[in-house]
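> Okay, here's the structure, questions in a sec.
Every number in this text was worked out from the coordinates using simple rules, so none of it is lab data. Please read these numbers as outputs of a predicted model, since none were measured by experiment. Virtual Cβ from ideal backbone geometry, glycine too; neighbours counted across all protein chains shown.
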Ligand SMILES: Cc1ncc(C[n+]2csc(CCOP(=O)(O)OP(=O)(O)O)c2C)c(N)n1
Ligand code: SF4
Ligand code: SF4
Ligand SMILES: [Mg+2]
């Protein structure tokens with residue numbers, strides 16, 4: 001049974017388990033533990049990283065933030081009494097395929113944790129949930145999920161998902177892919193899925209770069225960003241993804257960073273529970289190709305940067321047009337839009353019913 005939020009768990013029952021060999025030493029768990037329970041150990045694992053250790057067990061409130069933030073699925077809370085002795089991602093992620101391909105300090109694994117938690121929270125039928133990715137480092141997510149999943153072609157995750165959403169409206173369709181995949185080669189599909197309000201949740205992992213192919217500039221890279229293709233700094237106006245989704249009429253739009261694991265989990269849950277098109281953008285570190293070149297630093301430095309630079313969206317003061325991201329500048333985060341525009345199938349049904357009357361057989365719409 002799920003623990004109540006904020007309720008301190010009994011330390012006699014709970015403990016922190018660490019798979020030291022899975023750890024890539026990013027330091028997220030140690031840095032962001034609100035109780036300073038963890039410390040990096042002096043030991044090395046077989047890969048040469050320092051894993052964390054439980055330095056101060058009495059201080060732990062068993063909040064599970066370390067479990068959520070660890071991109072390697074290497075630390076989790078266990079309890080014999082509550083029959084929990086596995087990682088939160090154990091039932092939906094193929095942990096037998098770990099270590100994954102993502103670099104130390106990459107945020108994609110953290111997004112997967114938030115996604116898994118949200119899938120459980122949303123209480124959707126996981127046997128009727130379809131995960132679609134394009135190509136890229138983020139595109140690998142589909143292959144690591146232990147659900148019906150599709151690793152499609154670059155830029156074509158949304159059209160593939162559109163086919164699923166129209167042909168099998170009883171399924172919950174989720175796209176998880178990168179900023180290059182969804183807004184460069186796949187940008188056209190993104191606009192139209194949002195405009196038509198096609199029933200799908202899109203999670204866009206925005207690391208401002210083409211990670212998988214060596215760090216070329218993407219349409220979201222802030223002006224001034226150094227990439228292998230913009231050695232003197234990007235000069236094209238970048239896309240503001242929430243603004244685009246909002247302008248196209250998406251029913252749900254949010255942006256968080258990988259530092260904001262709880263907000264991200266809740267935003268993905270809300271997106272999954274929204275009919276029509278929902279979009280969650282996640283600003284996520286690519287330390288290897290963006291952080292290093294742009295002198296922000298490693299994954300941990302990038303997470304601290306997000307913590308320091310994030311500003312909250314306020315409905316009475318801001319619109320999504322204010323959510324542009326400037327180079328090394330503030331990042332506006334929040335749940336920006338919730339509206340109830342008819343979905344594509346609802347609009348089609350009502351339009352054709354209107355014209356054709358009883359001759360028209362209603363297409364099933366997601367319940
Ligand atoms: C049609 C096509 N064009 C180009 C590529 C090469 N390619 C593979 S992944 C990728 C970019 C990935 O960037 P993004 O979607 O941002 O994902 P990330 O790796 O950053 O997570 C590119 C250009 C390809 N596989 N197919
Ligand atoms: S967050 Fe995970 S990978 Fe990073 S130091 Fe902690 S256990 Fe290791
Ligand atoms: S290249 Fe960047 S996006 Fe790809 S796994 Fe490494 S850190 Fe992550
Ligand atoms: Mg990218």
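> Starting from the 7 Å offset along Cα-to-Cβ, what nm value, one decimal, do you get for the label separation of residue 330 and residue 13?
Rounded to a tenth, the inter-label distance reads 4.3 nm.
> Which whole-number percent of Cα pairs in the chain have a distance greater than 37 Å?
19
> Taking the chain as the reference, fit the longest principal axis to its C-alpha atoms, fit the long axis of helix 299-309 to the helix C-alpha atoms, and give the angle between the two in degrees, 0 to 90, nearest 10.
That works out to roughly 60 degrees.
> Here's something else I'd like to know. How high is the relative contact order of the chain, in percent, counting Cα pairs under 8 Å that sit 6 or more residues apart?
Once normalised by length, the contact order is 13 percent.
> Per DSSP helix of 4 or more residues, -39500 (n - 2.57); summed, then divided by the residues of the chain. What does that give at 222 nm, rounded to the nearest 500?
When only DSSP H runs of four or more count, the value is -7500 deg cm²/dmol.
> Calculate how many DSSP beta bridges within region 108-345 are antiparallel, expressed in % of all such bridges and rounded to the nearest 5.
Given both bridge residues lie in region 108-345, the antiparallel proportion sits at roughly 20 percent.
> Regarding region 155-289, what is the average projected area of its C-alpha convex hull, in nm²?
Computing the convex hull of the Cα atoms and averaging its projections yields 7.7 nm².
> Mind checking the angle between helix 187-196 and the chain's longest principal axis? C-alpha axes, 0 to 90 degrees, to the nearest 10.
The angle comes out at about 60 degrees.
> Still on this structure, please answer the following. Over its Cα atoms, what ratio of radius of gyration to 2.2 N^0.38 Å does region 150-218 give?
Ratio of Cα Rg to 2.2 N^0.38 Å: 1.10.
> I've got another one for you. Which residues does a label at residue 228 reach in region 169-206, if reach means a backbone N under 16 Å from a point 7 Å past the Cα toward the Cβ?
Answer for region 169-206: 180-181.
> While we're on this one: Only residues of region 221-261 count here: report those whose backbone N is under 14 Å from the spot 7 Å along Cα→Cβ of residue 338, or say none.
Once the point is set 7 Å along Cα→Cβ of residue 338, 251-255 turn out to lie under 14 Å by backbone N, inside region 221-261.
> What FRET efficiency comes out for residue 97 versus residue 46 if R0 is 22 angstrom and r is the Cβ-Cβ distance? Round to the nearest 0.05.
Numbers: r = 18 Å, r/R0 = 0.81.
That gives a FRET efficiency of 0.80.
> Roughly how many Å is it from the Cα centre of region 328-367 to that of region 192-240, as a whole number?
Here the answer is 27 Å between Cα centres.
> Going by Cα centres, region 50-85 and region 268-295 are how many Å apart?
Distance between centres, Cα-based: 24 Å.
> Moving on. Rounded, prolate or oblate for region 27-128? Axes are the square roots of the Cα gyration tensor eigenvalues, ordered a ≥ b ≥ c, and the cut-off for rounded is a/c under 1.5.
Numbers: a/c = 1.91, a/b = 1.31, b/c = 1.46.
In terms of gyration-tensor shape, oblate.
> Test of understanding: extend the Cα→C-beta vector of residue 21 to 7 Å, then name every residue of region 54-83 with backbone N under 18 Å from that spot.
It comes to 72-76, nothing else.
> Could I ask something else about it? Tell me the angle of helix 344-356 to the major Cα principal axis of the chain, expressed in degrees between 0 and 90 and rounded to the nearest ten.
The two axes meet at around 10 degrees.
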